[in-house]
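Remarks on the structure that follows.
The values are calculated or read from the model by the stated rules, or taken from the named source; none is laboratory data. Given the structure is predicted, the values throughout are model-derived calculations rather than measurements. Cβ placement follows ideal geometry from the backbone for every residue including glycine, while neighbour counts extend to all protein chains displayed. Heads up: the accessible areas ignore ligands, DNA and RNA and are worked out on the full protein's heavy atoms, side chains in. Shrake-Rupley method; radii C 1.70, N 1.55, O 1.52, S 1.80 Å.
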Amino acid sequence: MSTPWKFDSEVSKNFNKIAETHIPDYQRVNELTLNLLKDSIPKDGLIVELGCSNGNFISLLNSSGFTKILGIDQSSDMINEAMKRNLNAELVISSNIPENLGPVSAIVSNWTIQFNEDKISILKKIYDSLTENGIFILTEKMTQSALTKKQYYDWKHSNGVSWDEIQQKEDSLKGVMFSESLEWWLKTLREIGFTKINIANSYMDFTTMILIKDV
């Protein structure tokens, strides 16, 4: 029986390799997210990244001149790795958006909310925290069909991941990752208040959405 997946010190130290071999379009989505923010908010607008991991995306924000960044991750090991990089950002250990942040220009949550069973409370907090016309960029692993799951496994294997490791990872995520269908996401996000939703990228059910708070 596999041990439940945890973002512990071992995963945190090897996160870059894990991300590249297990997350389709990892670099591409980070670059896409950065370009979307560059085109939509001022450099001094507050950006919150929920699920900042070891700070890879924050590093891109730093190099692009953004000056107000809050990185949040529920893994203390991930935050510790991020802190080693001397990033120009505030880093917080948490699983949700803090209270009373003030107007937030943009919130980014890529491959993160899927690890939370109570997604709706997080999404409501995100919506409430955004300023009018604020942007929310969300990437999630959606519920996969048998066909897309096979393609996903084949893709991981082509990156050098063994079939045993692929199965162990799948088993370890049971009760840890809580994927939902694209239909669930669209319905839930609209009910919360996001009426402007566009899909910016999707590959093997890993889907990136752009959402605007239009009040």
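Of the residues examined, Asp8 is not one that is open to solvent by 80 Å² or more (accessible area, probe 1.4 Å) and among the acidic types (Asp, Glu). Can you confirm whether segment 35-48 contains a residue that is open to solvent by 10 Å² or more (accessible area, probe 1.4 Å) and in contact with a helix residue (DSSP H, G or I) (Cβ under 7 Å, 6 or more places away or on another chain)? Taking every residue of segment 35-48 in turn, none turns out to be open to solvent by 10 Å² or more (accessible area, probe 1.4 Å) and in contact with a helix residue (DSSP H, G or I) (Cβ under 7 Å, 6 or more places away or on another chain).
The residue of segment 85-110 that is most open to solvent (accessible area, probe 1.4 Å), among those that are assigned to a loop (DSSP other than H, G, I, E, B) and closer than 13 Å to Ser53 by Cβ, is Arg85. Thr143 - would you say it is at pLDDT 95 or above, assigned to a helix (DSSP H, G or I), surrounded by 12 or more Cβ atoms within 10 Å (Cβ to Cβ) and not aliphatic (A, V, I, L, M)? Criteria not met by Thr143.
If you go through segment 66-84 and keep only what is more than 18 Å from Phe7 (Cα to Cα) and either among the charged types (D, E, K, R) or over 17 Å from the mean Cα position of the chain (by Cα) (or both), you end up with Phe66, Thr67, Lys68. Restricting to segment 15-30, count the residues that are polar (S, T, N, Q) and open to solvent by 70 Å² or more (accessible area, probe 1.4 Å). Qualifying residue count, segment 15-30: 2.
Looking only at segment 164-178, filter to residues that are open to solvent by 40 Å² or more (accessible area, probe 1.4 Å) and polar (S, T, N, Q); which one of those is farthest from Val11 (Cα to Cα)? The residue in question is Gln167. The number of residues in segment 184-210 that are in a helix (DSSP H, G or I), of a type in the set (Ser, Thr, Tyr) and either in contact with a Gly (Cβ under 8 Å, 6 or more places away or on another chain) or buried (at least 16 other Cβ atoms within 10 Å of the Cβ) (or both) comes to 0. When segment 172-183 is limited to residues that are closer than 18 Å to Ile23 by Cβ and in a helix (DSSP H, G or I), the one that is nearest to the chain's Cα centre (by Cα) turns out to be Leu182. Asn116 falls short on exactly one of the conditions (1) more than 21 Å from Glu20 (Cβ to Cβ); (2) out of contact with any strand residue (DSSP E or B) (no Cβ under 7 Å at 6 or more places or on another chain); (3) open to solvent by 40 Å² or more (accessible area, probe 1.4 Å), and that condition is (3).
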